[in-house]
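Working notes, beginning with the structure itself.
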């Protein structure tokens, strides 16, 4: 009984420390200045149904791109947050995209996605794909991508839920630009041509 | 250039190191024991050989078949570590520790020097992040005698 109470208390402390209070409006975000943002490398990966998911097709939306794995306990803390973000902001042109780096692929990922009731798209990553993002060698690694497809924030390791939410809302509050609606235009501009 | 532009902070450095094992002398038909010494960097831990959850990747030391046959691998007693990302303690190794192996030496083994090849698979984390599972090569020099 005592142990059970202690576990509940410990879990509550973890949630309070990492999750923070998310009901109030954020006052500060840590997104990069627009001039410092680089275009997120594009990729096409398969989801569990075999359908192709191409990052640049999400242009115009704010995207939380999360590299994770089933063997990563800190990743498991964040996943319920991402589920709540997807639910709360999907109608405001926001999407979470999970990239699993599990070596055994869908064998581990499919039951995990079902058990956690993940409500956003999950694809299987590859060595080649993680290399274009700088060789993702610590999980979780999360990129917050603006409507123009540029990386506005990068997080390696577990951060507070509120920090993510501040960044998402900061980007969602900016109106879409013409570049965000035309992927080809944004690509040409960011390539400096 | 593209890689540098998007590279997050690098954690590629080795967080687990294996001290080169000392050469052992193995008499044909006998049993010999050796210990491999490991060191995990400060703040890091690795799942023990008996992790707390099925989804966690256990530490495993395995040896190639040959004149010396691995009969038993003994891991240290794990610690039950408390971390901010988990509400229950996790079974882990940290700091300096040894893994012992007992080998049976074939009676028909040819005398002389040889190397037994092993592999250590592990997965390490700190309080905020985890590194992908890794497999390190282990080379045990052996002198087989009659």
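Readers should treat all values here as calculations from the given coordinates under stated rules, not as data from a laboratory. This is a predicted model, so every value here is computed, not measured. Reconstructed Cβ throughout: ideal geometry from the backbone, glycine too, with neighbour counts over all protein chains shown.
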Checklist entry - Any chance region A:134-154 includes a residue that's touching a residue at least 12 places away in the same chain (Cβ under 8 Å), surrounded by fewer than 21 Cβ atoms within 10 Å (Cβ to Cβ) and under 22 Å from residue B:84 (Cα atoms)? => result yes
Checklist outcome for this item: Within region B:81-97, residues farther than 17 Å from residue B:41 by Cβ, in contact with a strand residue (DSSP E or B) (Cβ under 6 Å, 6 or more places away or on another chain) and free of Cβ contacts under 8 Å to residues at least 40 places away in the same chain come out as B:89
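Take the residues in region A:91-112 that are under 16 Å from the mean Cα position of the chain (by Cα), surrounded by fewer than 20 Cβ atoms within 10 Å (Cβ to Cβ) and outside any loop (DSSP other than H, G, I, E, B); name whichever of them is nearest to the other protein chains (Cβ to nearest Cβ).
Step one: of region A:91-112, the residues under 16 Å from the mean Cα position of the chain (by Cα) are A:92-101.
Retained after the next criterion (residues that are surrounded by fewer than 20 Cβ atoms within 10 Å (Cβ to Cβ)): A:92-93, A:95.
Restricting the remaining residues to those that are outside any loop (DSSP other than H, G, I, E, B) gives A:92, A:95.
Numbers: A:92: 26, A:95: 20 Å.
Residue satisfying both the conditions and the ranking: A:95.
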Next on the checklist: Can you report the number of residues in region B:127-146 which are in contact (Cβ under 8 Å) with a residue 60 or more places away in the chain and out of contact with any helix residue (DSSP H, G or I) (no Cβ under 9 Å at 6 or more places or on another chain)?
Outcome noted: 13
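Being in contact with a strand residue (DSSP E or B) (Cβ under 7 Å, 6 or more places away or on another chain) and either assigned to a loop (DSSP other than H, G, I, E, B) or more than 30 Å from residue A:141 (Cα to Cα) (or both) is the filter here; which residues of region B:111-130 pass it?
If the condition is that a residue be in contact with a strand residue (DSSP E or B) (Cβ under 7 Å, 6 or more places away or on another chain) and either assigned to a loop (DSSP other than H, G, I, E, B) or more than 30 Å from residue A:141 (Cα to Cα) (or both), then B:111, B:112, B:113, B:114, B:115, B:116, B:117, B:118, B:123, B:129 are the ones that fit.
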Next on the checklist: Just to verify a result, which residue in region B:89-146, among those that are away from chain A (no Cβ under 14 Å) and within 26 Å of residue A:78 (Cα to Cα), is surrounded by the fewest Cβ atoms within 10 Å (Cβ to Cβ)?
Outcome noted: B:94
Checklist entry - Which of the residues belonging to region B:26-48 are buried (at least 18 other Cβ atoms within 10 Å of the Cβ), within 16 Å of the chain's Cα centre (by Cα) and either within 14 Å of chain A (Cβ to nearest Cβ) or within 30 Å of residue B:105 (Cβ to Cβ) (or both)? => result B:34, B:36, B:38, B:44, B:45, B:46, B:47, B:48
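Does region A:152-162 hold any residues that are facing another protein chain (nearest Cβ under 7 Å) and either within 14 Å of residue A:101 (Cα to Cα) or in contact with a strand residue (DSSP E or B) (Cβ under 9 Å, 6 or more places away or on another chain) (or both), and which are they?
At the first step, the residues of region A:152-162 found to be facing another protein chain (nearest Cβ under 7 Å) are A:154, A:156-158.
Result: A:154, A:156, A:157.
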Next on the checklist: So, in region A:119-133, how many residues would count as being surrounded by 21 or more Cβ atoms within 10 Å (Cβ to Cβ), away from every other protein chain (no Cβ under 14 Å) and touching a helix residue (DSSP H, G or I) at 6+ places or on another chain (Cβ under 8 Å)?
Outcome noted: 1
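Of the residues A:58, A:39, which single one is buried (at least 21 other Cβ atoms within 10 Å of the Cβ) and more than 29 Å from residue B:53 (Cα to Cα)? Steps first, please.
Values: A:39 fails: buried (at least 21 other Cβ atoms within 10 Å of the Cβ).
A:58 is the lone residue from the list that is buried (at least 21 other Cβ atoms within 10 Å of the Cβ) and more than 29 Å from residue B:53 (Cα to Cα).
Looking only at region B:59-72, which residues are surrounded by 17 or more Cβ atoms within 10 Å (Cβ to Cβ) and over 10 Å from the mean Cα position of the chain (by Cα)? Walk me through how you get there before you give the answer.
To start, the set of residues in region B:59-72 that are surrounded by 17 or more Cβ atoms within 10 Å (Cβ to Cβ) comprises B:59, B:61, B:63, B:67-68, B:70.
Result: B:63, B:67, B:68, B:70.
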Checklist entry - For residue B:80, which of the numbered conditions (1) surrounded by fewer than 13 Cβ atoms within 10 Å (Cβ to Cβ); (2) closer than 24 Å to residue B:24 by Cα; (3) within 14 Å of another protein chain (Cβ to nearest Cβ) fails to hold? => result (2)
